[in-house]
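S.K.: Let me give you the structure first, and then I'll get to my questions.
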Ligand code: ZN
């Protein structure tokens, strides 16, 4: 394999990415108003929209199902939720913004003075114009989130009258819903791409991940229809924590086939790409992502695994210890818009989404073509000029030529079946694409054979 099967040729890449970026942003715009939580119709509606593009399976796990140490919760759906002031004016309305209601609020219809209502109101005094994002999945309560300025106005105007609170919601036996797309590959080894779908109107922390993973899936699906991919690919769009735990509990055999994986989130903000290593720390996915980030010439950050964050901590729980890292832009909690109404559609940009998609495609492209070879002429250097692989004239060549020659020599030298192309790229300091191209040329010239051994 000499060329990328997943990315368009260099000359077409910019135009392609511009279009992808625009489409991903349009998808985020469409998904933004849908109220999502860890269960309920919002997740189904979201998956239904993704299903217009890829043949994902919608899975339902009934409430009450034990999944390892957890139990699938009751399903939550909201019809309406609002607060009216003593004069009957609506002052907070879930219909205006899905962040206004604390996720998993129990149904309520009562009248109460502001002093008591206040216990159920959440604001951000330091960011008085923003609505915070709050949930209470496992403790039965209710609450509203609003800009601090609105609360200040209510307190200023308070004459001791009663507010009417209405949460017309159901919290009943139903199911937890997730989406799963399996693309078969030539081998049993699978790549897992996982993304949470449980956040309401939050663009970077959630919709960006959904958009990038959907477009990644579309591209892999199209490539796999042209010719089989080497790995199987499994995409999971599921509610955070409980969804990943439910999937793992129901899919222990599939989990054992996961050779590499990434958890996607926060992919539309202007920050540099950020990689959090898998629990193993030195898995092929860790090496692949770090190599590509380093070779990109763009700013990036890499950090070690910590058992916090998104679902990498479930995939990396010790009973599974899957090689799953997380590739994002600015990590959760490290941007001021995080988990507030400022994480909106203006905060994510088409060009950032497109750059993230390109990064994911480069990772998959590397994993697809990373393998070990054996040099068939390992005694002394084979004569490259005779095979048209070495320019006859020294000195007058283009700037590219020395690097190409160096790549040929590195691949020949390291191809003893024990070093994969990524290891050769790491050791030589050459970009993976240059090493892959050299291997392709040597293979065509009959100097290399594919090694039977799996990459170390
Ligand atoms: Zn979040």
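Readers should treat all values here as calculations from the given coordinates under stated rules, not as data from a laboratory. Note that the coordinates shown come from a computational prediction; the quantities given were computed from them, not determined experimentally. With ideal geometry, Cβ positions are generated from the backbone for all residues, glycine too; neighbour counts draw on all protein chains shown.
S.K.: In what order do 17, 366 fall by count of nearby beta-carbon atoms within 10 Å, going from fewest to most? Walk me through the numbers on the way to the answer.
M.R.: Working: 17 20, 366 25.
Exposure proxy ranking, most exposed first: 17, 366.
S.K.: Which of 78, 263, 106, 165 has the fewest other C-beta atoms within 10 Å, and how do the rest follow up to the most?
M.R.: 106, 165, 78, 263
S.K.: Further question: Give the peptides 219-225, 56-62, 297-303, 32-38 in descending order of average Cβ contacts within 10 Å, highest first. Each step should come with its number before you reach the end.
M.R.: On the way: 219-225: 17.1, 56-62: 15.6, 297-303: 12.7, 32-38: 21.0.
Averaged packing, sorted descending, gives the order 32-38, 219-225, 56-62, 297-303.
S.K.: Separation between the residue 134 and residue 13 pseudo-spin-labels, each 7 Å from Cα along Cα→Cβ, expressed in nm?
M.R.: That separation, rounded to one decimal, is 4.7 nm.
S.K.: Further question on the same structure: Separation of the stretch 334-351 and the stretch 249-326 by C-alpha centroid, Å?
M.R.: Computed from Cα coordinates, the inter-centre distance equals 22 Å.
S.K.: Based on DSSP H runs of at least 4 residues, each adding -39500 (n - 2.57), what is the mean residue ellipticity at 222 nm of the chain after dividing by all its residues, to the nearest 500 deg cm²/dmol? Show your work: numbers first, answer last.
M.R.: Numbers: 13 runs with 151 residues, N = 456.
Helix-only estimate at 222 nm: -10000 deg cm²/dmol.
S.K.: I would also like to ask the following. Which whole-angstrom value gives the distance between the alpha carbon centres of the stretch 409-434 and the stretch 6-44?
M.R.: 35
S.K.: Order of 308, 315, 233, 379 from fewest to most other C-beta atoms within 10 Å? Write out the running numbers ahead of the final one.
M.R.: Numbers: 308 10, 315 27, 233 22, 379 6.
Ranking 308, 315, 233, 379 by Cβ neighbours within 10 Å, fewest first, gives 379, 308, 233, 315.
S.K.: DSSP beta bridges in the chain, what fraction antiparallel, as a percent rounded to 5? Intermediate values should be presented prior to the final figure.
M.R.: Values: 41 of 65 bridges.
Looking only at bridges with both residues in the chain, the antiparallel portion is about 65 percent.
S.K.: Need the full-extension length gain, residue 52 to residue 141, defined as separation in residues times 0.36 nm minus the C-alpha distance. One decimal, nm. Don't skip to the end; give the middle numbers.
M.R.: Details: separation 89, 0.36 × 89 = 32.04 nm, distance 3.62 nm.
Working it through step by step, the gained length comes to 28.4 nm.
S.K.: Also, I was wondering about something else. How long are the three semi-axes of the equivalent ellipsoid for the stretch 75-172, computed from the Cα gyration tensor as the root of 5 times each eigenvalue, in whole Å, largest first? Working shown, then result.
M.R.: Numbers: eigenvalues 86, 50, 25 Å².
Result for the stretch 75-172: semi-axes of 21, 16, 11 Å.
S.K.: Could you pull out which residues in the stretch 145-184 have an amide N less than 13 Å from a spot 7 Å beyond the Cα of residue 95, following the Cα-Cβ vector?
M.R.: 168
S.K.: What are the semi-axes of the equivalent ellipsoid for the chain, taken as the square roots of 5 times the Cα gyration tensor eigenvalues, largest first, in whole Å?
M.R.: Result for the chain: semi-axes of 51, 22, 17 Å.
S.K.: Something else now. In square nanometres, what is the average projected area of the Cα convex hull of the stretch 372-450?
M.R.: Values: hull surface 19.6 nm².
It is 4.9 nm².
S.K.: What FRET efficiency comes out for the pair residue 68/residue 22, r = Cβ-Cβ distance, R0 = 35 Å, nearest 0.05?
M.R.: Values: r = 41 Å, r/R0 = 1.17.
The calculated FRET efficiency here is 0.30.
S.K.: Next up: Please give, to one decimal in nm, the separation of the simple spin-label points placed at residue 374 and residue 321, each 7 Å out from Cα toward the Cβ.
M.R.: Rounded to a tenth, the inter-label distance reads 3.0 nm.
S.K.: Which whole-number percent gives the relative contact order of the chain, counting Cα pairs below 8 Å spaced six or more residues apart?
M.R.: Numbers: 936 pairs, mean separation 82.1, N = 456.
Relative contact order comes out at 18 percent.
S.K.: In addition: In nanometres, what is the gap between the two model label sites at residue 444 and residue 386, each 7 Å from Cα along Cα-to-Cβ?
M.R.: 2.1
S.K.: What span do the alpha-carbon atoms of the stretch 1-151 cover on each of the three principal axes, reported in whole Å from largest to smallest?
M.R.: 70, 40, 25
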